[in-house]
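The values are calculated or read from the model by the stated rules, or taken from the named source; none is laboratory data. Since we're looking at a predicted model, the values are computed, not measured. Please note: Cβ atoms are built from the backbone with ideal geometry, for glycine as well, and neighbour counts cover all protein chains shown. Keep in mind that these areas ignore ligands, DNA and RNA; they rest on the heavy atoms of the full protein, side chains included. Shrake-Rupley method; radii C 1.70, N 1.55, O 1.52, S 1.80 Å.
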Amino acid sequence: MTKKIATREAYGQELVRLGADNKNVVVLDADLSKSTKTHDFMKTYPDRFFNMGIAEGNLMSTAAGLATVGKIPFASTFAMFATGRAFEQIRNSICYPKLNVKIAATHAGVTVGEDGGSHQSIEDIAIMRALPGMTVFVPADAVETAACLRAAVEIQGPVYIRLGRSGVPTIHGEDFKFTPGEAVTLRQGSDVALVATGIMVSAALEAAEALATVGIQAKVVDVHTIKPLDIFAIVEAARECGAVVTAEEHSIIGGLGSAVAETLAEHHAVPLQRVGVRDTFGESGKPAELLEHFGLTSAGIVEAAKKVIAKKK
Amino acid sequence: MNEKIQSLQERAKAIRRHIVTMLGEAGSGHPGGSLSAADMISVLYFDTMKLDPEKPDWAGRDRFVLSKGHAAPVLYAALAEKGYFPVEELKTLRKLGSRLQGHPDMKKLPGVEMSTGSLGQGFSTAIGMALGLRLDGGNQRVYALLGDGEVQEGQIWEAAMAAGHFKLDNLTAFLDYNNLQIDGPVDVVMNVAPLPEKWRAFNWHVIEIDGHDIKQILQALAEAQATKGKPTMIIAKTVKGKGVSFMENQVGWHGNAPKPEQVEQALAELA
């Protein structure tokens with residue numbers, strides 16, 4: 001396995017490149033630039049970096065104002081505070097007027113680790129995808145993160161990019177082709193479809209390997225865009241496999257699992273098993289320990305796959 | 001000077017007539033805080049701000065953000081008077097399919113610089129505009145109008161701190177200090193005083209005026225333009241419902257529309 005890179009690291013690096021390519025890119029942070037990795041941009045383009053202090057509501061609305069005068073603001077803080085504290089600013093200052101703000105939120109999910117449940121955002125996908133006109137990206141690795149960010153600059157309108165604190169394996173090659181809203185099939189299979197997002201994509205690939213050893217062929221679908229969801233890819237996977245497992249580092253309520261359940265219920269109902277945080281808050285621990293604790297592992301996905309296959313008619 | 005003042009007073013009166021008429025037509029909305037702001041809006045739109053109604057998106061224009069978005073009628077009246085859209089359209093206020101939403105919607109109506117209504121947020125967006133325009137080296141100025149009840153929002157003070165910190169001397173705000181909010185007098189509901197001291201403490205240049213005195217409004221705006229290194233807050237003492245005798249200083253007229261006979265009486269007073 002290649003060296004693990006956190007998606008926030010990839011964000012910090014790509015942001016500097018975006019700043020070089022486009023003079024309208026500006027960055028706002030809330031006293032977390034060393035953690036969100038926007039500090040490289042700050043050092044390179046100090047005039048285009050605004051540290052707004054610990055005031056996330058003002059940060060989001062200020063970003064909206066910057067967008068009205070032609071800037072492409074990247075608003076960064078932890079996912080908890082971006083989508084929790086500043087939800088209504090995102091709704092009313094950014095989404096309601098369809099402004100061109102990119103919310104790049106780091107430290108999403110339980111892999112925040114030791115800081116504990118107060119800082120582990122497991123609801124942000126649910127909240128962001130409920131907003132009309134919001135694009136929601138959850139990249140799986142460093143390559144996909146850079147691609148999401150480049151796409152975000154091209155999209156006219158609000159974009160939420162969910163990033164993580166901890167290192168994840170790089171699963172995509174340099175030739176990776178990214179199209180917003182188009183899920184990526186990473187492995188073919190016909191017994192069960194593993195539909196994953198974010199850091200759970202690599203876990204799904206591992207799970208597929210493990211399932212293959214016991215004769216179960218799993219299809220693996222990487223859903224980097226939660227909204228707009230690739231309904232075609234989800235339905236196709238359901239048709240081919242007749243059973244679906246979703247996997248996300250997020251609550252099973254409102255996130256990828258819910259989005260897939262809605263899609264299957266409306267278009268092609270098949271047995272579904274959701275892997276995610278099961279309606280509980282996080283807690284302190286090492287990221288790997290927490291993933292294990294909440295069953296957000298390849299073993300958790302394997303177990304879910306076996307369960308859902310048993311439900312097939 | 002006197003001619004200019006008289007013309008701006010006449011414009012303010014026309015704005016007030018539009019406010020009363022459109023709210024009567026709409027059957028709901030916020031007359032009190034729209035009427036209290038009419039003189040400031042008249043000066044901004046018909047003297048101070050560089051605008052071109054023919055080219056509402058002209059990059060060189062000054063910006064105005066109505067942070068107290070519920071006073072939408074005063075903004076709509078000024079925009080119609082200025083020629084952004086036909087005066088006749090004011091009658092569509094708050095009706096299904098109208099460009100004149102209950103609170104301003106920048107996506108629907110030309111001349112509206114920001115969608116506002118959720119208190120506290122518009123002020124922050126004005127800061128974003130001021131930061132962005134300054135970054136581009138432009139000389140456009142940004143204006144915002146805040147309510148006195150609105151400054152109870154925590155976000156106002158986050159924004160106040162940021163504007164002072166960034167030394168945004170291209171930003172000028174009015175605080176419409178009519179001392180009434182929905183539940184009663186501001187100092188009873190949640191006292192915001194002392195306001196001048198608060199804004200000075202947040203590194204703003206503060207000017208206190210009578211918000212219905214056109215001359216004082218003009219002078220304050222000139223002083224704001226001349227002030228370097230600090231944003232300016234113009235604390236304007238006003239009368240809620242100003243210009244309509246039965247609405248003046250009556251909290252009940254915060255969010256109630258006048259009935260036809262009340263519209264008639266108000267228009268007679270504003271003739």
Would you list the helices (runs of 4 or more DSSP H) that sit entirely within segment A:1-72 and hold 1 or more residues that are at pLDDT below 95 and within 12 Å of chain B (Cβ to nearest Cβ)?
none
Checked segment A:121-144 for anything in contact with a His (Cβ under 8 Å, 6 or more places away or on another chain) and over 20 Å from A:LEU28 (Cβ atoms); matches are A:ILE122, A:GLU123, A:ILE125, A:ALA126, A:VAL138, A:PRO139, A:ALA140, A:ASP141, A:VAL143, A:GLU144
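For segment B:139-165: of the residues being of a type in the set (S, T, N, Q) and not in a loop (DSSP other than H, G, I, E, B), which is farthest from A:LYS23 (Cα to Cα)? First the steps, then the outcome.
Keep residues of segment B:139-165 that are of a type in the set (S, T, N, Q), which gives B:139-140, B:152, B:155.
Of the ones still in play, those that are also not in a loop (DSSP other than H, G, I, E, B) are B:152, B:155.
Working: B:GLN152: 37, B:GLN155: 29 Å.
Among them, the one singled out is B:GLN152.
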Since B:VAL263 meets every condition but one in (1) touching a strand residue (DSSP E or B) at 6+ places or on another chain (Cβ under 6 Å); (2) not in a loop (DSSP other than H, G, I, E, B), which condition does it not meet?
(1)
Please list, ordered by residue number, the helices (runs of 4 or more DSSP H) wholly in segment B:1-89 having 2 or more residues that are of a type outside the set (A, V, I, L, M, F, W, C) and in contact with a strand residue (DSSP E or B) (Cβ under 8 Å, 6 or more places away or on another chain).
B:32-36
Considering (1) in contact with a Leu (Cβ under 9 Å, 6 or more places away or on another chain); (2) within 27 Å of B:LEU119 (Cβ to Cβ); (3) touching a residue at least 60 places away in the same chain (Cβ under 8 Å), say which one A:PHE137 fails and leave the rest.
(2)
Can you name the residue in segment B:116-138 that is open to solvent by 10 Å² or more (accessible area, probe 1.4 Å) and assigned to a loop (DSSP other than H, G, I, E, B) and, of all such residues, is nearest to the other protein chains (Cβ to nearest Cβ)?
B:SER118
Of the numbered conditions (1) over 19 Å from A:CYS148 (Cα atoms); (2) in contact (Cβ under 8 Å) with a residue 40 or more places away in the chain, A:ALA82 satisfies every one except a single condition; which is it?
(1)
When segment A:236-270 is examined, which residues are found to be closer than 17 Å to A:ALA196 by Cβ and basic (Lys, Arg)?
none
Contacts under 9 angstrom Cβ, first residue in segment B:180-202 being under 23 Å from B:ALA162 (Cα atoms), partner open to solvent by 90 Å² or more (accessible area, probe 1.4 Å) and part of a strand (DSSP E or B), 6 or more apart
B:LEU195/B:GLU208; B:PRO196/B:GLU208
With segment A:198-277 as the region, which strands (runs of 3 or more DSSP E) entirely inside it contain at least 2 residues that are closer than 22 Å to A:GLU123 by Cβ?
A:225-227, A:244-251, A:272-277
Quick one: what pairs do we get from segment A:242-269, first residue on the phi > 0 side of the Ramachandran plot and in contact (Cβ under 8 Å) with a residue 60 or more places away in the chain, second assigned to a helix (DSSP H, G or I) and among the basic types (Lys, Arg), C-beta under 8 Å, 6+ apart or different chains?
A:GLY254/A:ARG129
Which residues, counting only those in segment B:139-165, are within 7 Å of chain A (Cβ to nearest Cβ) and open to solvent by less than 20 Å² (accessible area, probe 1.4 Å)?
B:GLN155, B:ALA159, B:ALA162
Quick test of your reading of the structure: A:ILE90 fulfils all but one of (1) closer than 17 Å to A:ALA152 by Cα; (2) facing chain B (nearest Cβ under 10 Å). Name the failing condition by number.
(2)
Return a yes/no flag: does segment A:151-158 have any residue that is under 30 Å from A:ASP115 (Cα atoms) and either open to solvent by less than 10 Å² (accessible area, probe 1.4 Å) or modelled with pLDDT under 95 (or both).
yes
Tell me the residue from A:GLU174, A:GLU209, A:GLU182 that is in contact with a helix residue (DSSP H, G or I) (Cβ under 9 Å, 6 or more places away or on another chain) and at pLDDT below 95, please.
A:GLU174
Single condition A:THR135 does not satisfy, out of (1) over 23 Å from A:THR68 (Cβ atoms); (2) crowded, with 21+ Cβ neighbours inside 10 Å
(1)
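Residue-wise test of (1) in contact with a Pro (Cβ under 8 Å, 6 or more places away or on another chain); (2) closer than 16 Å to B:PHE123 by Cβ; (3) surrounded by fewer than 20 Cβ atoms within 10 Å (Cβ to Cβ).
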{"site": "A:GLU56", "(1), (2), (3)": "no, yes, no"}
{"site": "A:ALA63", "(1), (2), (3)": "yes, yes, no"}
{"site": "A:PRO73", "(1), (2), (3)": "no, no, no"}
{"site": "A:ARG85", "(1), (2), (3)": "no, no, yes"}
{"site": "A:ASN100", "(1), (2), (3)": "yes, no, no"}
{"site": "A:ALA105", "(1), (2), (3)": "no, no, no"}
{"site": "A:VAL110", "(1), (2), (3)": "yes, no, no"}
{"site": "A:GLU114", "(1), (2), (3)": "no, no, yes"}
{"site": "A:ILE125", "(1), (2), (3)": "no, no, no"}
Identify the residue in segment B:166-198 that is in a loop (DSSP other than H, G, I, E, B) and of a type in the set (Asp, Glu) and, among all such residues, is most open to solvent (accessible area, probe 1.4 Å).
B:ASP183
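Which of the residues that make up segment B:241-271 are under 10 Å from B:LEU35 (Cβ atoms), open to solvent by 20 Å² or more (accessible area, probe 1.4 Å) and not acidic (Asp, Glu)?
Initial filter on segment B:241-271 (under 10 Å from B:LEU35 (Cβ atoms)): B:241-244, B:247-248, B:253, B:266, B:270.
Pick out the ones that are also open to solvent by 20 Å² or more (accessible area, probe 1.4 Å) and you get B:242-243, B:248, B:253.
B:LYS242, B:GLY243, B:TRP253 - these are the residues of segment B:241-271 that are under 10 Å from B:LEU35 (Cβ atoms), open to solvent by 20 Å² or more (accessible area, probe 1.4 Å) and not acidic (Asp, Glu).
How many residues, within segment B:203-227, are open to solvent by 10 Å² or more (accessible area, probe 1.4 Å), touching a residue at least 60 places away in the same chain (Cβ under 8 Å) and farther than 20 Å from B:ASN139 by Cβ? Break it down stepwise before answering.
At the first step, the residues of segment B:203-227 found to be open to solvent by 10 Å² or more (accessible area, probe 1.4 Å) are B:203, B:205-210, B:212-213, B:215-216, B:218-219, B:222-223, B:225-227.
Next, only the ones that are touching a residue at least 60 places away in the same chain (Cβ under 8 Å) stay: B:212-213, B:215, B:218, B:225.
Still in the list and also farther than 20 Å from B:ASN139 by Cβ: B:212-213, B:215.
The total comes to 3.
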So, A:LYS37, is that one touching a residue at least 60 places away in the same chain (Cβ under 8 Å) and open to solvent by 10 Å² or more (accessible area, probe 1.4 Å) or not?
yes
Single residue of segment B:60-99 satisfying the filter (without any contact (Cβ under 8 Å) to a residue 40 or more places away in the chain and of a type in the set (A, V, I, L, M)) that is surrounded by the fewest Cβ atoms within 10 Å (Cβ to Cβ):
B:LEU96
Of the conditions (1) within 14 Å of chain A (Cβ to nearest Cβ); (2) part of a loop (DSSP other than H, G, I, E, B); (3) open to solvent by 40 Å² or more (accessible area, probe 1.4 Å), the single one that B:LYS230 does not satisfy is (1)
